[in-house]
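Reading through the structure tokens given below for one structure.
The values are calculated or read from the model by the stated rules, or taken from the named source; none is laboratory data. Keep in mind that what you see is a predicted model, and the values were worked out from it rather than measured. Here the Cβ is made from the backbone with ideal geometry for all residues, glycine too, and neighbour counts use every protein chain on show. For accessibility, only protein heavy atoms count, side chains too; no ligands or nucleic acids. Shrake-Rupley method; radii C 1.70, N 1.55, O 1.52, S 1.80 Å.
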Amino acid sequence: MAPVRRIAQIVHLKPSALEAYKECHANVWPEVLQQIKDCNIKDYSIFFDNDRTLFATFKYVGDDFDGDMKRMSENPKIKEWWAMTDEMQESPIPGAIGSAEGPGWWKVLDEVFYTE
């Protein structure tokens with residue numbers, strides 16, 4: 001069994017999108033929630049600060065992160081969800097196109113400290 005991998009990411013929210021973003025995340029589609037579970041993601045949270053930054057953190061408990069992320073990206077409902085939420089966001093990654101393609105949409109952060 002692979003060790004738990006903790007992942008943190010950021011992206012920026014468009015100023016006009018806060019209420020819509022909160023609303024869609026209060027009612028996440030069941031297919032999206034199931035795909036997250038099926039791809040070995042646990043303890044997933046998204047936080048917002050007033051500087052328009054969204055901060056996400058989750059634990060990956062599988063043993064093939066790249067394979068699981070590929071499976072997630074191939075799900076048509078996930079693609080639809082990402083298209084909707086990407087419209088509300090601005091990526092901090094130079095050259096980012098969207099969640100479904102390109103160099104990445106959310107910026108992955110380096111962990112500098114952890115304790116249980």
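General remarks:
- Here is how the number arises for the chain: DSSP H runs of 4 or more residues each give -39500 (n - 2.57), the sum is divided by the residue count, and the result at 222 nm is -10000 deg cm²/dmol.
- One way to sum up the overall shape of the range 11-74 is the equivalent ellipsoid from its Cα gyration tensor, whose semi-axes run 25, 14, 10 Å, largest first.
- Nonlocal Lys pairs with alpha-carbon distance under 26 Å, the chain (8 or more apart, or different chains): 28
- E90 long-range amide H proximity, modeled H, under 5 Å: H12, L13, K14
- Per-residue HN-Hα couplings for the range 76-81 [Karplus 6.51, -1.76, 1.60; θ = phi - 60°; Hz; x = Gly/Pro]: x, 5, 5, 4, 5, 4
- Fraction of accessible area attributable to carbon and sulfur, the range 5-109 (%, probe 1.4 Å): 51 percent
- The percentage of C-alpha pairs in the range 1-115 whose separation is greater than 24 Å is 23%.
- Shown here for the range 1-89: GluC sites (Glu not before Pro) in loop regions (DSSP other than H, G, I, E, B) with at most 12 other Cβ atoms within 10 Å, namely E87.
- Ignoring the sites themselves, the chain has its longest run without chymotrypsin sites (Phe, Trp or Tyr not before Pro) in a DSSP loop having at most 12 other Cβ atoms within 10 Å at 1-112.
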